[in-house]
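*Asks:* Mind looking over this structure? Questions follow.
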Amino acid sequence: MPDPVGFVAKPFDERAGYLFVGYGNGANNAGIAWFLTDVFPGLAQAGHKFTIAGKVQVPEDFCKHELVDCVGAVDDARLNALAASARAAINPALESAGVATKTLRMLSYSTPVVSTEYDGTFQEGRTSPTGAVCRVRDADCFSTHLLELLGDGELWGRASQSAQPFVRRHFGVGPFNAALADAAGRAKAGRERAVLVGTAAKDGESMAGQNWHIANLLSKLDYLELHLMEDAKPAILGVVVHGGSQPLPPTGWQASLVIVQSWPPKIGDPVLSQYCGPGCRVAMILPWEFGHLPLIWVPPLVENFDEVWAPSEANRRIHVDSGIPGHQTRRVPCGIDCAALGAPAKWTPSFEKARKKDMLARQLAEVSLDDTSKLVEVAEKAKVLRFVFSGGLLPRKGLDVIVQAWKEVLCNNKDVHLTIHTSYELGYGPLEIRAMTDDMWNCHNTEWIRGHWMPAEEHRKMLQEADIYITAARSEGFGLPVVEAMALGKLVIAPVALAELKSPPSASADFFGKQTGIPVESFLSICKKPPCNERGDSICVFPPCDGLTCQCEELVGHATWFEPRMESMKEALKPFESGMPAESTDFDLKRGSAAEVARLFCWDGRLVDTYDMIIKDFLKSRSNRNWNRFVPQTSDTPQVRHRLTYTELAERPSEDMMFNDELILGYEAGTQAYLQGDGNFVVTDRKTGDVMRASGTFKECPCKLRLIRCKLALFDKMDQEYWSQQAEDCKPRYKVFVVELNKFGIFILKAGDARSTVQNVDVLWVDVSLAPSVDAVAG
């Protein structure tokens with residue numbers, strides 16, 4: 001970081017264009033993808049040059065644009081020169097990430113920055129010297145401020161002159177020393193007490209393993225005193241255990257921070273109300289893979305948790321789309337044990353050659369020197385290109401796609417071999433499993449290790465000995481096996497939905513793409529295979545389970561996932577019809593980049609700083625939540641600020657159907673209200689369909705919906721396409737509106753054409769406002 005003291009800034013006339021700087025992590029990739037799609041096209045018309053520096057992922061088509069200069073990774077000297085020569089810089093942050101170094105660097109060179117409210121540089125009362133802090137995804141705000149800074153020399157001068165004083169005032173030596181003294185004082189007074197709720201086992205299943213590593217990491221933060229509500233396996237030095245084999249905390253014992261991660265989610269866990277004192281902060285780590293959360297989860301999540309943490313940006317969007325306010329969500333990535341994996345500090349082709357040589361030597365050492373035929377067999381097998389998949393035998397994991405593609409492209413090919421390892425099973429029927437078994441049996445270059453929970457060491461060995469990791473997962477909360485394979489320098493074939501493909505990004509888009517592997521195109525679709533029901537509006541994965549059948553829960557909206565394109569999967573396999581291509585430089589570059597990206601998720605590496613920053617940021621704002629209002633998961637009582645009777649609603653003039661946040665509809669649980677295309681307003685019983693009240697006082701209202709702080713999600717031909725647009729753009733063909741209040745006070749609006757029934761609608765909208773802090777409804 002340059003010292004702004006004594007630096008003479010270049011004037012407006014000696015500068016040109018605007019700049020973005022960023023490493024290729026998920027947050028930067030998502031931010032620049034949004035900017036290029038939603039903001040850049042408008043700015044390009046003004047002719048201003050846009051420079052992009054760093055390893056951030058940018059689609060090739062944009063880099064070829066005459067006004068875009070993708071300079072890639074640069075050293076400090078070049079970066080400082082770029083900062084000093086640009087008229088403005090951007091930081092289109094889509095998620096909270098603390099103080100942005102890139103923003104401070106730009107301001108240090110008197111370069112104004114247009115940023116978002118998630119840029120921690122301008123939080124905690126620090127006002128941007130440029131005044132250009134936009135709401136997240138506010139394209140108009142970005143365009144307006146950038147055009148003003150790029151074209152108005154007088155306005156730019158005022159912003160530029162304010163930049164360096166801002167840096168000195170808030171981030172100079174004086175403020176740093178003061179903050180350090182404050183931190184030392186708090187440390188002397190005692191550490192913050194933190195509680196982690198959930199099973200923690202280092203070599204346990206996915207969630208238990210993540211909890212153990214989170215606990216181990218948090219135990220090393222010197223400002224936390226960590227407590228667990230279950231035994232850790234193995235025990236973690238310095239961590240206090242309550243519950244399990246140890247006594248519970250005494251009466252009056254209170255914590256400053258509670259983190260919960262368990263399955264099923266402990267949304268109503270008594271720890272929240274028993275051990276959280278005034279100011280206690282509570283977070284739920286909630287991976288979810290199916291487009292929308294269960295209805296019964298959302299009210300208690302919003303009411304009882306200060307934040308809901310998601311392992312990926314796609315997962316965080318699921319939370320927001322389900323009704324959890326954006327400011328209560330945060331992306332907190334999963335991690336991998338790089339040391340236990342044996343992941344190299346830096347992957348190179350020579351490392352791979354040494355690995356294969358060592359593996360062959362070990363295998364030959366197990367064969368007698370007199371057994372010539374066996375020695376030859378081992379040596380020949382070592383030349384075979386080995387593919388591997390590991391995961392549950394679930395439709396969500398897409399094993400059927402892998403088997404079908406392998407059958408059509410690489411079946412009986414002696415140069416390649418596929419190992420499939422599956423543990424738990426749920427969703428595939430007996431006929432589907434039999435078909436996959438037959439296909440693999442008929443291909444003599446496959447192996448299926450089924451129904452076997454591998455010990456951690458055995459699983460790591462399987463990954464280490466593979467050349468290519470392949471998956472066809474339709475949905476993931478994060479994708480740990482992919483990141484583990486990347487860390488080991490394996491070539492990865494995996495589905496990914498990217499913004500440039502006009503699809504909402506999937507979880508793997510945070511770390512996987514063309515630069516780090518072989519992406520298989522996938523598209524958003526409604527999940528109608530188990531564990532989803534046939535309508536795609538419920539998920540059946542909840543205990544108790546009876547064989548292959550589990551309890552179901554209705555979702556806030558459609559259950560969605562990303563369907564891999566079969567042709568794309570087959571194209572991904574074709575380069576290996578003769579084993580690894582002789583000229584594999586491109587694949588080597590992908591493997592090296594993948595290993596570098598994966599190291600961002602090592603528990604003993606960058607994740608320490610990531611979690612440190614997240615926890616500190618989370619603790620800054622103390623909650624004043626009243627735990628006497630704790631909302632259990634099974635609440636049946638809608639809580640609304642205003643309640644209208646059916647008669648009052650029916651008698652309101654049609655122009656009053658445009659509601660704002662001061663007028664909230666309130667129906668009794670179990671009813672539906674219809675505003676039909678013929679103008680009739682009808683209230684019915686949800687179960688029987690019996691009409692409870694009808695009125696003809698409303699005029700036909702085909703499309704007059706005003707959504708406040710919400711979007712209308714249009715689902716049309718969901719097996720092929722998905723898009724979102726504002727309510728004003730909805731098509732006039734939608735004539736029938738259904739406003740449904742479920743038993744938790746969530747308003748659901750459905751619309752179809754005049755011929756459709758309630759069960760056959762082609763548009764679904766969910767009001768994300770929840771009681772008692774309802775912000776908006778639609779009328």
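*Asks:* Please state which of the following conditions residue 511 fails to meet, knowing it meets all the rest: (1) under 17 Å from residue 593 (Cβ atoms); (2) hydrophobic (A, V, I, L, M, F, W, C); (3) touching a strand residue (DSSP E or B) at 6+ places or on another chain (Cβ under 7 Å).
*Replies:* So the condition that residue 511 fails would be (3).
*Asks:* Do the conditions hold for residue 110, that is, is it among the small types (Gly, Ala, Ser), open to solvent by less than 30 Å² (accessible area, probe 1.4 Å), assigned to a loop (DSSP other than H, G, I, E, B) and more than 26 Å from residue 614 (Cα to Cα)?
*Replies:* In short, yes.
*Asks:* Within the stretch 5-37, how many residues are touching a residue at least 40 places away in the same chain (Cβ under 8 Å) and among the hydroxyl-bearing types (Ser, Thr, Tyr)?
*Replies:* 2
*Asks:* So which of 100, 93, 83, 88 ends up being free of Cβ contacts under 8 Å to residues at least 60 places away in the same chain, under 33 Å from the mean Cα position of the chain (by Cα) and crowded, with 18+ Cβ neighbours inside 10 Å?
*Replies:* Result of the check over 100, 93, 83, 88: 100.
*Asks:* Still on this structure: If you check 450, 535, 434, 460, which single one turns out to be touching a strand residue (DSSP E or B) at 6+ places or on another chain (Cβ under 8 Å) and charged (D, E, K, R)?
*Replies:* After applying the criteria, what remains is 450.
*Asks:* Let me ask something else. Hey, any hits in the stretch 231-248 for a residue that's acidic (Asp, Glu) and either at pLDDT 90 or above or more than 30 Å from residue 606 (Cα to Cα) (or both)?
*Replies:* Looking for residues that are acidic (Asp, Glu) and either at pLDDT 90 or above or more than 30 Å from residue 606 (Cα to Cα) (or both), one finds none in the stretch 231-248, hence no.
Yes/no matrix, rows are residues, columns are (1) in contact (Cβ under 8 Å) with a residue 24 or more places away in the chain; (2) open to solvent by less than 20 Å² (accessible area, probe 1.4 Å); (3) out of contact with any helix residue (DSSP H, G or I) (no Cβ under 7 Å at 6 or more places or on another chain):
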position	(1), (2), (3)
425	yes, no, yes
446	yes, no, no
467	yes, yes, yes
473	yes, yes, no
476	yes, no, no
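*Asks:* Let me ask another. Which condition breaks for residue 395 when tested against (1) modelled with pLDDT under 90; (2) out of contact with any helix residue (DSSP H, G or I) (no Cβ under 7 Å at 6 or more places or on another chain); (3) crowded, with 23+ Cβ neighbours inside 10 Å?
*Replies:* The one condition residue 395 does not meet is (1).
For every residue, the table says whether it meets (1) under 35 Å from the mean Cα position of the chain (by Cα); (2) under 20 Å from residue 265 (Cβ atoms); (3) exposed (fewer than 12 other Cβ atoms within 10 Å of the Cβ).
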residue	(1), (2), (3)
332	yes, yes, no
338	yes, no, no
341	yes, no, no
344	yes, no, no
347	yes, no, no
358	no, no, yes
373	no, no, yes
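*Asks:* Additional query: Is it the case that residue 408 is open to solvent by 50 Å² or more (accessible area, probe 1.4 Å), part of a helix (DSSP H, G or I) and modelled with pLDDT under 90?
*Replies:* It is false that residue 408 is open to solvent by 50 Å² or more (accessible area, probe 1.4 Å), part of a helix (DSSP H, G or I) and modelled with pLDDT under 90.
*Asks:* Filter the helices (runs of 4 or more DSSP H) completely within the stretch 567-655 down to those with at least 2 residues that are at pLDDT 90 or above.
*Replies:* Helices (runs of 4 or more DSSP H) meeting the threshold: 585-598, 606-620.
*Asks:* Next question, about the same structure. Taking the options 16, 27, 83, name whichever one is assigned to a helix (DSSP H, G or I), at pLDDT 90 or above and small (Gly, Ala, Ser).
*Replies:* Matching residue, one of 16, 27, 83: 83.
*Asks:* Return yes or no: is residue 431 free of Cβ contacts under 8 Å to residues at least 60 places away in the same chain, open to solvent by 30 Å² or more (accessible area, probe 1.4 Å) and not small (Gly, Ala, Ser)?
*Replies:* Yes, satisfied.
*Asks:* Among the residues of the stretch 565-577, are any in contact with a helix residue (DSSP H, G or I) (Cβ under 8 Å, 6 or more places away or on another chain), more than 24 Å from residue 481 (Cα to Cα) and either in contact (Cβ under 8 Å) with a residue 24 or more places away in the chain or open to solvent by less than 20 Å² (accessible area, probe 1.4 Å) (or both)?
*Replies:* Yes - at least one qualifying residue is present in the stretch 565-577.
*Asks:* Name every residue in the stretch 567-595 that is basic (Lys, Arg) and under 28 Å from the mean Cα position of the chain (by Cα), in order of residue number.
*Replies:* Of everything in the stretch 567-595, those that are basic (Lys, Arg) and under 28 Å from the mean Cα position of the chain (by Cα) turn out to be 570, 590, 591.
*Asks:* Now for a separate question. Looking only at the stretch 294-317, how many residues end up being in a helix (DSSP H, G or I) and over 19 Å from residue 266 (Cα atoms)?
*Replies:* Here the count works out to 3.
*Asks:* How many residues are touching a His at 6+ places or on another chain (Cβ under 6 Å) and in a loop (DSSP other than H, G, I, E, B) if we restrict to the stretch 538-566?
*Replies:* Qualifying residue count for the region: 2.
*Asks:* Do we find that residue 504 is in contact with a helix residue (DSSP H, G or I) (Cβ under 9 Å, 6 or more places away or on another chain), at pLDDT below 90 and farther than 30 Å from residue 352 by Cα in this structure?
*Replies:* Yes.
*Asks:* Listed residues 520, 541, 496; which is open to solvent by less than 40 Å² (accessible area, probe 1.4 Å) and at pLDDT below 85?
*Replies:* 541
*Asks:* Considering only the stretch 66-80, state which residues are open to solvent by 40 Å² or more (accessible area, probe 1.4 Å) and either touching a Cys at 6+ places or on another chain (Cβ under 6 Å) or part of a loop (DSSP other than H, G, I, E, B) (or both).
*Replies:* 66, 70, 73, 74, 75
*Asks:* Still on this model: Considering (1) surrounded by fewer than 21 Cβ atoms within 10 Å (Cβ to Cβ); (2) over 26 Å from the mean Cα position of the chain (by Cα), say which one residue 37 fails and leave the rest.
*Replies:* (2)
*Asks:* Exactly one condition in (1) out of contact with any strand residue (DSSP E or B) (no Cβ under 7 Å at 6 or more places or on another chain); (2) part of a loop (DSSP other than H, G, I, E, B) is false for residue 374; which is it?
*Replies:* In the conditions (1) out of contact with any strand residue (DSSP E or B) (no Cβ under 7 Å at 6 or more places or on another chain); (2) part of a loop (DSSP other than H, G, I, E, B), residue 374 misses (2) alone.
*Asks:* In the stretch 249-275, how many residues are at pLDDT below 65 and open to solvent by 20 Å² or more (accessible area, probe 1.4 Å)?
*Replies:* Adding up the residues that qualify gives 6.
*Asks:* Condition check: without any contact (Cβ under 8 Å) to a residue 12 or more places away in the chain and under 21 Å from residue 335 (Cβ atoms). Does residue 490 satisfy that?
*Replies:* No; evaluated as a whole, the condition is false for this residue.
*Asks:* Any chance the stretch 51-63 includes a residue that's among the small types (Gly, Ala, Ser) and over 20 Å from the mean Cα position of the chain (by Cα)?
*Replies:* Among the residues of the stretch 51-63, at least one is among the small types (Gly, Ala, Ser) and over 20 Å from the mean Cα position of the chain (by Cα), which makes the answer yes.
*Asks:* Would you check if residue 477 is on the phi > 0 side of the Ramachandran plot and either among the β-branched types (Val, Ile, Thr) or in a loop (DSSP other than H, G, I, E, B) (or both)?
*Replies:* The answer is no for residue 477.
*Asks:* Residue 168 passes all but one of (1) over 23 Å from residue 94 (Cα atoms); (2) surrounded by 15 or more Cβ atoms within 10 Å (Cβ to Cβ); (3) at pLDDT 90 or above; which number fails?
*Replies:* Going through the list (1) over 23 Å from residue 94 (Cα atoms); (2) surrounded by 15 or more Cβ atoms within 10 Å (Cβ to Cβ); (3) at pLDDT 90 or above, residue 168 breaks only (3).
*Asks:* Can you pull out the residues in the stretch 448-465 that are assigned to a strand (DSSP E or B) and either in contact with a helix residue (DSSP H, G or I) (Cβ under 6 Å, 6 or more places away or on another chain) or not basic (Lys, Arg) (or both)?
*Replies:* Once the filter is applied, which keeps residues that are assigned to a strand (DSSP E or B) and either in contact with a helix residue (DSSP H, G or I) (Cβ under 6 Å, 6 or more places away or on another chain) or not basic (Lys, Arg) (or both), the stretch 448-465 yields 448, 449.
The values are calculated or read from the model by the stated rules, or taken from the named source; none is laboratory data. Note that the structure is predicted; figures quoted are calculated from it, not measured. Because the Cβ atoms are built from the backbone with ideal geometry, glycine has one as well, and the counts that use them run over all protein chains shown. Areas reflect the complete protein model, heavy atoms only, side chains present, ligands, DNA and RNA absent. Shrake-Rupley method; radii C 1.70, N 1.55, O 1.52, S 1.80 Å.
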